[in-house]
1. Find how much the distance from Thr160 to Asn264 grows on full extension, using 0.36 nm per residue of separation minus their present alpha carbon separation; answer in nm with one decimal.
2. With 25 Å as the limit, write out which pairs from Lys114/Lys337; Lys109/Lys340; Lys24/Lys65; Lys131/Lys258; Lys69/Lys349 have Cα-Cα distances beyond it, or answer none.
3. Which of Val327, Val76, Val318 comes first, and how do the rest follow, when ranked by fewest Cβ neighbours within 10 Å?
4. Sticking with the crude label model, points 7 Å out along Cα→Cβ, report the distance from Asp28 to Glu57 in nm, one decimal please.
5. What ranking do Thr243, Thr146 get, fewest neighbouring Cβ atoms within 10 angstrom at the top?
6. Take the Cα atoms of segment 7-82, find their three principal axes, and give me the spread along each one in whole Å, biggest first.
7. When you count, for each residue, the other Cβ atoms within 10 Å and take the mean per peptide, how do 225-231, 275-281 rank with the highest first?
8. Please report the antiparallel percentage of DSSP beta bridges with both residues in segment 216-356, rounded to the nearest 5.
Amino acid sequence: MYDVLDSRSVLEVLQPVQDPELRKSLVDLNMIRNVKIDGGKVSFTLVLTTPACPLREFIVEDCEKAVKKLPGVTEVNVEVTAETPQQKSLPDRTGVPGVKNILAVSSGKGGVGKSTVAVNIAVALAQTGAKVGLLDADIYGPNDPTMLGLADAQIVVRSTDKGEVLEPAFNHGVKLVSMGFLIDRDQPVIWRGPMLNGVIRQFLYQVEWGELDYLIVDMPPGTGDAQLTLTQAVPMSGAVIVTTPQTVALLDSRKGLKMFQQLNIEVLGIVENMSYFIPPDMPDKQYDIFGSGGGSKTAAELGVPLLGCIPLEISTRVGGDNGVPIVVADPDSASAKALKAIALAIAGKVSVAALT
């Protein structure tokens with residue numbers, strides 16, 4: 001069937017290989033580029049839709065198997081890169097220049113570990129090579145600087161032709177802007193809605209975010225002004241709802257989820273945090289302190305995916321307090337593995353939504 005080993009025959013044999021999430025041919029998606037033939041050596045570039053592709057190894061393996069079926073092939077070299085797709089624009093919302101995807105990490109109830117999840121997801125995505133920013137929209141309780149090891153950072157404000165511009169702080173591969181940089185540590189923020197609306201818009205449009213694949217927005221708990229401001233200001237790639245298995249947390253998370261759906265924001269899924277407790281001196285045991293199965297049951301009832309379950313480990317709390325997220329401090333821990341898997345799942349869903 002293939003008498004000549006050339007770029008055309010390589011593309012033909014790769015035609016049946018699909019992106020597992022998009023379920024379309026890699027060739028049709030223009031994900032196979034720069035095909036080169038050198039004797040029996042075949043090389044080409046595989047352009048994924050995200051650096052955080054959870055199925056990267058499987059796609060590469062499928063490509064290699066397909067090309068090796070060609071007669072005369074002695075070696076296959078696949079260079080893997082990524083081009084994160086841009087979220088679709090909306091006529092009534094202004095995107096942030098250079099930012100491809102804006103994601104909200106939210107919860108209906110406080111105390112469920114939303115900021116811990118947001119920070120670790122951001123760092124986990126950055127570890128894959130993605131360009132990531134984190135916007136701390138919890139104006140009344142800004143904790144992200146501490147969790148990201150930037151509690152003592154000084155944010156720079158510059159004057160430009162377009163007004164004042166903030167330069168985000170940076171650590172663990174993530175750019176961060178937070179109200180915590182603009183007030184004293186013990187200073188309360190006593191504001192009404194319009195002022196909160198103004199500062200969130202400032203964090204969106206008056207920050208030098210540069211080129212970002214993902215801007216993670218750590219939302220305050222509830223369904224109030226901050227959520228409305230964000231969803232009405234910018235086109236969003238989706239929202240992630242964080243809960244615990246506890247009944248009262250699930251009740252509030254359902255309200256938060258429904259809010260995003262009513263505002264036509266896709267809910268990418270539910271994250272169940274503190275699913276079970278792992279004693280540090282008995283790592284083989286686990287205890288369902290806050291109940292069990294609540295996240296999966298709620299996800300099934302509401303028709304959204306369960307992105308993952310994160311155990312309750314002391315090291316996660318220690319990492320947050322010390323400014324070294326668990327995905328950095330203890331990458332082999334159960335919590336870090338769960339958070340990394342959740343980050344990859346989110347990236348995959350964002351790519352699918354942008355390309356379909």
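1. Net length gain for the segment: 33.9 nm.
2. Lys131/Lys258; Lys69/Lys349
3. If I rank by nearby Cβ atoms, fewest first, I get Val318, Val76, Val327.
4. 2.9
5. Starting with the residue having the fewest Cβ neighbours, the order is Thr146, Thr243.
6. 33, 19, 18
7. By packing density, highest mean first, the sequence is 225-231, 275-281.
8. Of all bridge pairs located within segment 216-356, approximately 10 percent are antiparallel.
Just so you know, all these numbers are worked out from the coordinates, no wet-lab data involved. Please read all numbers here as calculations on a predicted model, not as lab measurements. Positions of Cβ are generated from backbone atoms using ideal geometry, with glycine treated the same way; all protein chains shown enter the neighbour counts.
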